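Take a look at the structure below.
The values are calculated or read from the model by the stated rules, or taken from the named source; none is laboratory data. Just so we're clear, the structure is a prediction, and the values are computed from it rather than from any experiment. Here the Cβ positions follow ideal geometry from the backbone for every residue, glycine too, while neighbour counts run over all protein chains shown.
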Amino acid sequence: DCAFTIVTPPVGLKATSFTITDLKENQEYKIRIYAMNSEGLGEPALVPGTPKAEERLLPPEIELDAELRKVVTIRDLKVDVPFVGRPKPAVFWHKDNVALKQTTRVNAESSENITVLTIKEACKEDVGAYLVKLTNSAGEATETLNIVVLDKPGPPTGPVKVDEVTADSITISWEPPKYDGGSSINNYIVEKRDTSTTTWQIVSATVARTTIKACRLKTGCEYQFRITAENRYGKSTYLTSEPIVAQYPFKVPDTIVVHAGESFKLEADVHGKPIPSIQWLKGDRELTNTARMEIKSTDFCRKYHSVMESSSVHGRLPNHQLCCS
């Protein structure tokens, strides 16, 4: 017969269950149970088989507070993720589906029942979905933390588009920043620079939309624009345009050659509201109707014609100008 050791209190138990402690791991045991009353002990009942003392397997379980599933930070970040599991789970961290690269600034450490993610001096590169994965022989568990870093925004998205150019104005547009710093964009700041200088001047510091018309420009001057996005945490870096010349939105016509003795006609479409007054000039001299030249306009399309008889033409046609006011 094998030797048995009493493991319950000497006075016995009233309960019908009992946990035996201080056993040797992986050791098999025989267990028998007696019922006892005032008359003494009854016959023992033997527990079937030979139970082995071994660690109970428990799949990993992450005990993360629901409020921590979205983490917002301005500077340093520390997130504690408690967990349970037997045997102790292996812990893996990922950022945006890629294994987290640990540095002196970004670090993840784990102990028996907690893993801690630490990010020092958080910046926009740290924004993203962080996944913690626990695995052991009994199973696995995952949890995702969405981290938002509150910061100044990234630059507006380019390139800068040129929507309209006139002799004294340029209309440009752009796209919002790809990264808003975790806060809505309050406004844009637009500056201009005559490319012959290094001085920037503010066009507007309170642009609500992603377009602006810069007025009062000098005809023929070349300008560059730069745009800054601003939120409650600061200003972005600049988005700078290519150089743009403020000029009339039409081409200077080619030189017209007329043979001596021929008549010719010049046409120009003129638009304006109210209807502009028109002047035709030859050099600095205003042209008027004569027996050989007629200037007229149509009622609807507002085309103005100049007709000159051949007797005044000698080879190349002199320069003519159309002035509107």
Name the one entry in GLU109, GLU61 that is without any contact (Cβ under 8 Å) to a residue 12 or more places away in the chain, surrounded by 11 or more Cβ atoms within 10 Å (Cβ to Cβ), closer than 22 Å to SER137 by Cα and among the charged types (D, E, K, R). GLU109
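Which members of the stretch 112-132 meet the condition of being of a type outside the set (Gly, Ala, Ser) and part of a strand (DSSP E or B)?
Within the stretch 112-132, ILE114, THR115, VAL116, LEU117, THR118, ILE119, TYR130, LEU131, VAL132 meet the criteria.
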Could you please find all residues in the stretch 64-102 being modelled with pLDDT under 80, under 17 Å from ALA141 (Cα atoms) and either of a type in the set (Ser, Thr, Tyr) or surrounded by fewer than 16 Cβ atoms within 10 Å (Cβ to Cβ) (or both)? ASP65, ALA66, LEU68, ARG69
Can you go through SER263, SER312 and tell me which one is at pLDDT 80 or above and over 30 Å from ASP163 (Cβ atoms)? SER263
Quick one: which residue in ALA53, ALA35, ALA3 is within 26 Å of LYS88 (Cα to Cα) and among the small types (Gly, Ala, Ser)? ALA53
Can you say whether THR171 is farther than 17 Å from VAL160 by Cβ and at pLDDT 95 or above, as far as the supplied structure shows? no
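Give, as residue ranges, the strands (runs of 3 or more DSSP E) completely inside the stretch 171-267 that count at least 1 residues that are in contact (Cβ under 8 Å) with a residue 24 or more places away in the chain.
The qualifying strands (runs of 3 or more DSSP E) are 187-194, 211-214, 222-231.
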It is to be established whether one or more residues within the stretch 133-145 are in contact (Cβ under 8 Å) with a residue 24 or more places away in the chain, farther than 30 Å from ALA246 by Cβ, of a type in the set (Ser, Thr, Tyr) and part of a loop (DSSP other than H, G, I, E, B). yes
Answer yes or no as to whether THR118 is in the same structural domain as LEU64 (by TED's automatic domain parsing), closer than 21 Å to PRO82 by Cα and out of contact with any helix residue (DSSP H, G or I) (no Cβ under 8 Å at 6 or more places or on another chain). yes
Does GLY85 count as of a type in the set (Gly, Ala, Ser) and either touching a helix residue (DSSP H, G or I) at 6+ places or on another chain (Cβ under 8 Å) or closer than 30 Å to GLU230 by Cβ (or both)? no
When only residues in the stretch 226-255 that are closer than 16 Å to THR157 by Cβ and aliphatic (A, V, I, L, M) count, which is surrounded by the fewest Cβ atoms within 10 Å (Cβ to Cβ)? LEU239
